1. Report whether or not residue 17 is farther than 18 Å from residue 433 by Cα, at pLDDT 95 or above and more than 21 Å from the chain's Cα centre (by Cα).
2. Which pairs do you get when a residue that is assigned by TED's automatic domain parsing to the domain that holds residue 440 and outside any strand (DSSP E or B), found in segment 474-486, comes within reach of a residue that is crowded, with 21+ Cβ neighbours inside 10 Å and of a type in the set (Val, Ile, Thr), reach meaning Cβ atoms under 7 angstrom, with the pair 6+ apart or on two chains?
3. When only residues in segment 59-78 that are surrounded by fewer than 19 Cβ atoms within 10 Å (Cβ to Cβ) and assigned to a helix (DSSP H, G or I) count, which is modelled with the lowest pLDDT?
4. What are the residues in segment 428-474 that are of a type in the set (Ser, Thr, Tyr), over 13 Å from residue 505 (Cα atoms) and in contact with a Ser or Thr (Cβ under 7 Å, 6 or more places away or on another chain), if any?
5. Looking at the structure I just gave you, is residue 161 within 20 Å of residue 214 (Cβ to Cβ), of a type outside the set (Lys, Arg) and surrounded by fewer than 22 Cβ atoms within 10 Å (Cβ to Cβ)?
6. In segment 433-455, what residues are surrounded by fewer than 18 Cβ atoms within 10 Å (Cβ to Cβ) and not polar (S, T, N, Q)?
7. Looking at segment 413-465, which of its residues are of a type in the set (D, E, K, R) and not in a strand (DSSP E or B)?
8. Run residue 184 past the list (1) over 22 Å from residue 114 (Cα atoms); (2) in a helix (DSSP H, G or I); (3) not aliphatic (A, V, I, L, M) and report the number of the one that doesn't hold.
Amino acid sequence: MLSARQGGPVQPSISAWRPLGPDEVEVTGGLWGQRQRLNADMIIPHCEALMERAGWTGNFDSAAAGTIASGHCGIEFVDSEIYKVLEAMAWELGRSRDGDLEARYRALTERVAAAQQPDGYLHTSFGRPGQPSRYRDLESGHELYCFGHLFQAAVARLRTGHDDLLPQVARRLADHVYDQFGPRGRAGVCGHPEIEMALVELARATGEDRYLELARLFVERRGTGTLRSHPFGQEYFQDDVPVRAAVTWRGHAVRALYLASGALDVATETSDDELAAAVRRQWANGVGRRTYLTGGVGSRHQGEAFGDDFELPPDRAYAETCAGIASVMLSWRLLLATGEDKYADLIERTLLNNVLASPRADGCAFFYTNTLHQRLAGLVPDEERISPRAESGLRAPWFEVSCCPTNVARTLASVGLYFATASDSGIQLHQYGDYRVSVPVGGQRLTLQVSSEYPFEGTVAVKVIEAPARKVTLRLRLPGWARGSAVLSEEPATQGPGHAEIQRVFRPGDSVDVAFPAAARVTYADPRIDAVRGTFAVERGPLVLALESPDLPAGWSVNEIAADPGSVADDADGAAIVVYRRSPDTDEWPYLPAPREGEGEHVRARLIPYHQWANRGPATMRVWLPLAEAAAGIEGTRVSAG
């Protein structure tokens with residue numbers, strides 16, 4: 001067992017705020033409590049079962065037995081999915097004592113460890129008789145990528161208080177990688193960035209500086225022509241320009257965001273201000289010009305890539321679930337490094353919309369990509385079938401490339417660790433829901449219970465359970481969508497553009513309440529986004545809303561409607577809006593120039609939270625609604641995202 005304090009997925013040695021460990025923050029209910037129960041009860045066991053059925057877990061058994069060359073199952077990077085599930089299990093065990101889960105975790109770890117070779121190398125696709133040789137295909141082999149996920153799983157185990165088998169395997173593997181790719185090794189990088197941030201976290205968790213040195217080398221080598229050319233161009237794996245020279249996110253979205261996360265980790269640990277500034281610049285341009293309203297990123301199916309600035313077509317959005325998770329990982333690092341609230345704003349938007357849309361309500365099927373306009377109803381998948389990468393209208397139980405379900409599992413298992421931070425003076429609350437925070441402040445404990453129906457309702461109560469007998473600071477994020485309209489139960493001592501701070505002596509039983517506006521609101525896109533010009537979206541609190549076909553009359557299509565933004569009204573946890581459709585006999589809209597009561601075909605339809613769509617059977621859906629002619633020119637909230 002470790003004597004050091006437990007920690008979360010990211011533990012920088014220098015930061016504006018101190019991240020918390022699973023012993024300091026606990027999700028106690030609400031939406032996130034429900035999702036964490038779903039993850040523990042359904043998603044993690046589902047991933048375990050499907051990996052076993054696909055033969056991916058069995059690859060380790062075959063590798064240990066020396067029979068892998070004759071029957072490897074899956075693409076060469078499926079090892080990483082086992083590691084992501086091990087990470088999810090480690091975080092889950094860090095917040096709950098579950099004997100059955102612990103037994104499953106240990107059994108799976110032993111199967112992985114048995115496949116490790118004497119020099120520390122561990123991959124089931126390479127290096128044995130009858131298999132390709134090690135590191136022959138750094139562009140597409142994903143060896144170092146898989147190693148990175150193993151390191152992150154080991155870090156999760158260390159940070160939840162256990163220095164046992166998996167961390168030992170990770171150290172041996174990391175030492176091997178250092179020997180192969182360190183200062184005296186080959187000057188290579190992986191075609192899929194990931195190992196960079198994993199090595200930094202392993203260095204932080206173990207105190208081994210060589211791992212940080214290796215991560216720095218990987219970051220500095222990127223963009224110098226190290227990798228062979230790719231049909232989609234060198235930007236596909238961010239090898240077109242050095243990280244320091246890049247001005248925005250480009251190429252494969254997940255690769256770009258994982259690399260940026262690793263680069264920021266290196267910059268933080270080495271006090272490299274130039275590298276940190278480059279990552280902040282990339283974030284600002286990528287969010288302002290290449291991010292969807294849901295927080296999703298990646299507008300091109302070819303290459304799973306970012307498009308050009310303002311290229312954000314809703315019906316062709318790729319917005320891969322893994323890219324959304326990578327965006328959260330990067331924004332969390334930037335929040336810790338800078339303390340700036342805009343990074344927490346994007347975490348909220350991305351988690352509640354892009355990421356939560358992926359798992360089906362029962363936790364047994366997932367979106368790989370996340371469209372903002374589904375034109376045709378998807379087919380109901382065969383629950384026994386391993387699917388290709390699904391189109392946006394189809395959740396599937398598993399994929400040939402099944403990175404997203406396992407990524408969802410590890411994110412939900414650790415999601416509470418993104419909610420709050422601490423400092424010598426107090427606690428900072430960055431996300432809202434139902435959770436408890438308990439941290440030492442000045443040698444005494446400060447414990448808070450955050451209670452709310454957020455994100456469906458806007459009232460949040462922060463109750464003091466225990467507090468030091470001295471002045472402390474409670475810092476509350478004021479989300480960008482609520483700035484100027486949030487109401488606090490007491491006057492803040494200071495208030496910035498994205499937060500309020502209350503500094504005083506708190507006593508057990510004290511409560512600070514904040515009310516955010518709960519009414520639905522209309523949002524217009526930046527006019528430079530051609531694909532959504534002449535449309536509007538509706539948001540309610542932090543939730544993006546969507547119009548889904550089950551909420552339209554029979555025979556109506558989301559593809560042939562227009563809506564009146566002036567008719568938006570609240571309805572339960574969503575909203576209602578007046579929707580019109582084309583006349584079946586003409587291409588003209590029946591309500592031009594302005595609809596009158598009783599004229600034309602119209603209906604008041606319900607809008608639901610985007611993340612809830614496709615849970616009522618095959619459906620069509622859209623987020624951006626064409627403006628009814630009579631409503632043209634109505635002003636609303638304007639955002640730059642699509």
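The values are calculated or read from the model by the stated rules, or taken from the named source; none is laboratory data. Computed from a prediction, not measured in an experiment: that's the story for all the values here. Here Cβ is always computed from backbone atoms with ideal geometry, including for glycine, and neighbour counts include all displayed protein chains.
1. Values: farther than 18 Å from residue 433 by Cα: yes; at pLDDT 95 or above: yes; more than 21 Å from the chain's Cα centre (by Cα): no.
So residue 17 fails the test.
2. 486/514
3. First, pick out the residues of segment 59-78 that are surrounded by fewer than 19 Cβ atoms within 10 Å (Cβ to Cβ): 61, 64-67, 69-71, 73, 75.
This time we only want the ones that are assigned to a helix (DSSP H, G or I), so: 61, 64-65, 69-70.
Working: 61: 97, 64: 96, 65: 94, 69: 79, 70: 74.
Per the stated criteria, the residue is 70.
4. Let us first name the residues in segment 428-474 that are of a type in the set (Ser, Thr, Tyr), namely 432, 435, 438, 447, 451-452, 454, 459, 473.
From what's left, over 13 Å from residue 505 (Cα atoms): 432, 435, 438, 447, 451-452, 454, 459.
Selection gives 432, 435, 438, 447, 452, 459.
5. no
6. In the first step, residues of segment 433-455 are kept if they are surrounded by fewer than 18 Cβ atoms within 10 Å (Cβ to Cβ); the result is 440, 442-445, 447, 449, 453.
Those that are surrounded by fewer than 18 Cβ atoms within 10 Å (Cβ to Cβ) and not polar (S, T, N, Q): 440, 442, 443, 445, 453.
7. So the first thing to find is which residues in segment 413-465 are of a type in the set (D, E, K, R), and the list is 424, 434, 436, 445, 453, 457, 463.
Hits for segment 413-465 are 424, 453, 457.
8. (2)
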